[in-house]
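Reviewing the structure listed below.
The values are calculated or read from the model by the stated rules, or taken from the named source; none is laboratory data. Quantities reported herein were computed from a predicted structural model and do not represent experimental measurements. Cβ placement follows ideal geometry from the backbone for every residue including glycine, while neighbour counts extend to all protein chains displayed. With ligands, DNA and RNA removed, areas are computed over all heavy atoms of the protein, side chains included. Shrake-Rupley method; radii C 1.70, N 1.55, O 1.52, S 1.80 Å.
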Amino acid sequence: MNTPPPTKKLSRATSLDCPPEKIYTVDLHQSNPNILHDVQLETEHTAPSVFFPSMRLMVAAMLSCCFITLSISSSNLAVALICMTNCPTNAYGGNLEWDKTEQGLVLAAQNAGSLITILTGMWADRLNGKWMVFVGLFLCCIGNLMLPLLANQSIIFAIVARICIGAADACLMPAINSLITRWFPQAERPAAIGLISGGRQIGTLFILPTAGYLCTRKDVLDGWPAIYYLSATISIMVTIFWIPFGADKPAKQICISSREKEFIESRIACESIGKRTDRTRRIPYGAMLRSKPVWASVFALVCHEYPLVIMLQFLPNYMNDVLEFAPTKNGFFAALPILCLFLSKTFSSSLSSYFTTKLHYDKTFVCKLFNGVASAGLAVCIFLVPFFNKDSASFAIICLCGAMIFAGLHTPGVITAMVQLAPAFSGVITGWSFFAVGWFAIGNKLLTKQIVLHGTVTEWGMVFRVSALVAALPVIVFTVWGSAERQWWAAPSSKTSVASFHKTSIRDRSREMSRATSSTSLGGLSMKSSKSTTK
């Protein structure tokens, strides 16, 4: 009796390898169903075009619209606050009697709401991503409607409204990162992240000049309330479009072709992301907490987001206090650095994909290169900003635009690295990261409001120099300890792991492969046998 050769057991690291060039299947035309034949996937026929009508492109566009909604809801307060409060330095002030401390509380309330990302991140890989995104969009609607309707009655309502916006961010960020790992193969993720996260800059580009214009139009819903009604309308429109066309994964999308669905699932199969409903899968919290690349990524993200809070939330205040721009001019020039950020992250993300897929550079090297240049350039440009005043405002704008160009390089840097560390647990890592970002953002906003009491050049200079110091730290930390490689603990420990694909007897493998062949034929997946079949 012949003893079958022992089956090599895959380790957790081996199960993260890419799919083999050949797969095995049963020829249903053979008289002996136990005979296995190896077949080669015709990639040139099964891989759909990266351009529309690719559903991956449509999903990326929809997720980008979700970030547009979130960005509009987050950034509208930056300009509107100048028109809402009773400001003696200009004629555009409103009737809300909020002092500097109360304004700081309203600004920080959004980051307080985002702290629940520690909970949403833990569940983002288990809950349906489509409905988590829906909850985030719904909270944007509620927060935008509450502020103009109830802010006049009490500042508490304004704080609650901004907490809703922060909670929307806490739902959207982990959910979208989890959706990216289920919709986009590894080689496409840098470009997808750049396109999707670019929605943040598109939303800011739209709302800053629009809000500056509406501030001066007291005949349109009394000025500043129109900003929030417009934001709420956009939130409702995106929500209505997302409900029928959004999907948690390709198999649940109603418009996707079978060929594209099979292509996506075959490309991400080696990462063993698993089903959300699989309760046997354990999250390796201990290994994650001991992982130096995880902590390096969290640290780099905090240092990256810290100066961006100044650029996104306080830039209109800086231009009003130091450069003395009117609201309309303020909104326009505040949008220029955001435009630079959008163009930079979009171009650099595509360039990163080119380096890794065409030139075959190491993923970790590419991420560290982009992130190092980003952090160093961002620090230098921010440090130079306070050297200019209203008489040299053009040079200040140039430095701010340069800072955002360098900030855009963080997307193919630490942002991409975080998603690649553990695709199956990207929601958890995102939750931890933005929980830390939320705490530092709260401290940043409260500290800035305490430093900038009179809006002088000296006060703003201190704010920008602290931000420059923080921005420079990842040049050392992430370059030394960062990584973009999937970690050994990223393979799931459940029974549905890809390691179970290579198991025991020929009979079991024949049965499993025959089902795969049947589903493949139904999906229209082209296969070509490398051996001659019986006629």
Filtered residues of the stretch 442-470 (kept if under 28 Å from residue 366 (Cα atoms) and of a type in the set (Gly, Ala, Ser)): 467, 468
Test: residue in the stretch 196-208 that is farther than 26 Å from residue 131 by Cβ and open to solvent by 20 Å² or more (accessible area, probe 1.4 Å): yes
Test: residue in the stretch 48-64 that is under 30 Å from residue 318 (Cβ atoms), in a helix (DSSP H, G or I) and at pLDDT 50 or above: yes
The stretch 474-502 residues that are farther than 21 Å from residue 412 by Cα and modelled with pLDDT under 50, paired with ones that are among the aliphatic types (A, V, I, L, M) and open to solvent by less than 40 Å² (accessible area, probe 1.4 Å) (beta carbon under 7 Å, 6 or more apart): 497/491
Residue list for the stretch 208-229, restricted to those being modelled with pLDDT of 85 or more and of a type in the set (A, V, I, L, M): 226, 227
Selected residue (only one of 403, 374, 379 is touching a residue at least 12 places away in the same chain (Cβ under 8 Å), more than 15 Å from the chain's Cα centre (by Cα) and more than 30 Å from residue 103 (Cβ to Cβ)): 374
Which listed residue, of 170, 158, 109, is at pLDDT 80 or above and over 22 Å from the mean Cα position of the chain (by Cα): 158
Hey, residue 415 within 20 Å of residue 471 (Cα to Cα) and in contact (Cβ under 8 Å) with a residue 40 or more places away in the chain or not: yes
Of all residues making up the stretch 126-154, the number that are touching an Asp or Glu at 6+ places or on another chain (Cβ under 6 Å) and either under 14 Å from residue 114 (Cβ atoms) or open to solvent by 20 Å² or more (accessible area, probe 1.4 Å) (or both): 2
